[in-house]
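Submitted below is the structure of interest, expressed as C-alpha cells.
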Amino acid sequence: MNLHESGEMYLKVIYLLSARKPHVRSMDICNYMGFSKPSVSRGLSRLKADHYAVVDENNFIHLTESGLEVAEKLVERSKVITALLISLGVDPETAEADACKIEHDISDETFAAIKRTVEK
C-alpha cells in the first residue's frame, strides 16, 4: 500500500494528538490541521480502507499497527531532520517546516546517513 503525503500527514497528526489526549476524534484533526470535516472524513476513509486506522463505536480514531509504524517513522524523521537543520543554523521554525516537507520524500538510505550524522 502506497500512502500519499496527505495520508502520511493524517497518520502523523493522529499520532501526535494521541500523545496529548486520551481520545482522538475527527474534529480534533480538523482543528489541528485547519481542514474541513468533509476533507478529514475523506482522508480517514482512505486510511480505514487501507487498514492504517480504525474508528471505534465511540467515533474515536486509533492507528492500526501499520499506521502506528508509519507515524512513528515520520515523527522520527521530522525530529532528526529538524535537529540537523537547526545545527546548520536554520531558524527552528523554518527547520521544522522544511523537515515536514522533506520527511515524506527522503529515502531510507539518506535518512539513515542523516541520523548517523546527527547522533555524532
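Once you keep just the Cα pairs under 8 angstrom separated by 6 or more residues, what percentage relative contact order results for the chain? It would help to have the intermediate numbers written out before the result.
Working: 115 pairs, mean separation 27.6, N = 120.
In percent, rounded to a whole number, it is 23.
What list of ³J(HN,Hα) values in whole Hz, one per residue of segment 79-88 in order, does the Karplus curve 6.51 cos²θ - 1.76 cosθ + 1.60 (θ = phi - 60°) give from phi, with Gly and Pro shown as x?
So the Karplus estimates, Gly and Pro as x, are 5, 5, 5, 4, 4, 4, 5, 5, 5, 8 Hz.
Now a separate question. When the distances between all Cα atoms of the chain are binned every 10 Å from zero, what whole-number percent does each bin get?
13, 42, 31, 13, 1
Under a Cβ-Cβ cut-off of 13 Å, what is the net charge of the residues other than E5 that fall near it, where Lys and Arg count +1 and Asp and Glu count -1? Before the final figure, lay out the partial values.
Numbers: positive: K12, R46, R77, K101; negative: E8, E103, D105.
Net of charged neighbours comes to +1.
Summing Lys, Arg as +1 and Asp, Glu as -1, what charge do residues with Cβ under 9 Å from the Cβ of R77 carry, R77 excluded? Could the numbers behind the result be given before it?
Details: positive: K73, K79, K115; negative: E76, E103.
Cβ neighbours under 9 Å give a net charge of +1.
Now for a different question. What is the helix-to-structure angle for 37-49, meaning the angle in degrees between its Cα long axis and the longest Cα principal axis of the chain, kept from 0 to 90 and rounded to the nearest 10?
80
Let me ask something else. How big is the dipole moment of the chain about its Cα centre under a simple scheme where the beta carbon of each Lys and Arg is +1, that of each Asp and Glu is -1, and everything else is neutral? Debye, nearest 20, please.
Details: 15 positive and 19 negative charges, 57 e Å.
So the dipole magnitude of the chain works out to roughly 280 debye.
Count charges around V118 for me, please; just the other residues with Cβ under 13 Å from its Cβ, Lys/Arg as +1, Asp/Glu as -1.
Values: positive: R77, K79, K115, R116, K120; negative: E76, E119.
Neighbourhood net charge equals +3.
Taking θ as phi - 60°, what are the ³J(HN,Hα) couplings along segment 95-107 by the Karplus curve (6.51, -1.76, 1.60), each to the nearest whole Hz, with x for Gly and Pro?
Residue by residue, segment 95-107 yields 4, 5, 5, 5, 4, 4, 6, 6, 4, 7, 10, 6, 6 Hz.
If you fit an axis through the alpha-carbon atoms of helix 108-119 and take the longest principal axis of the Cα set of the chain, what angle between them do you get, 0 to 90°, nearest 10?
It is inclined by approximately 60 degrees.
Dipole of the chain (Lys/Arg Cβ +1, Asp/Glu Cβ -1, origin at the Cα centre): which of I86, S41, L74 lies farthest to the positive side?
Going by the charge dipole, the pick is S41.
Values quoted throughout were computed directly from the atomic coordinates according to the rules given, and no laboratory measurement underlies them. Being a predicted model, the structure only gives us computed values, none of them experimental. Using ideal geometry, Cβ is built from the backbone for each residue, glycine included, and neighbour counts are taken over all protein chains shown.
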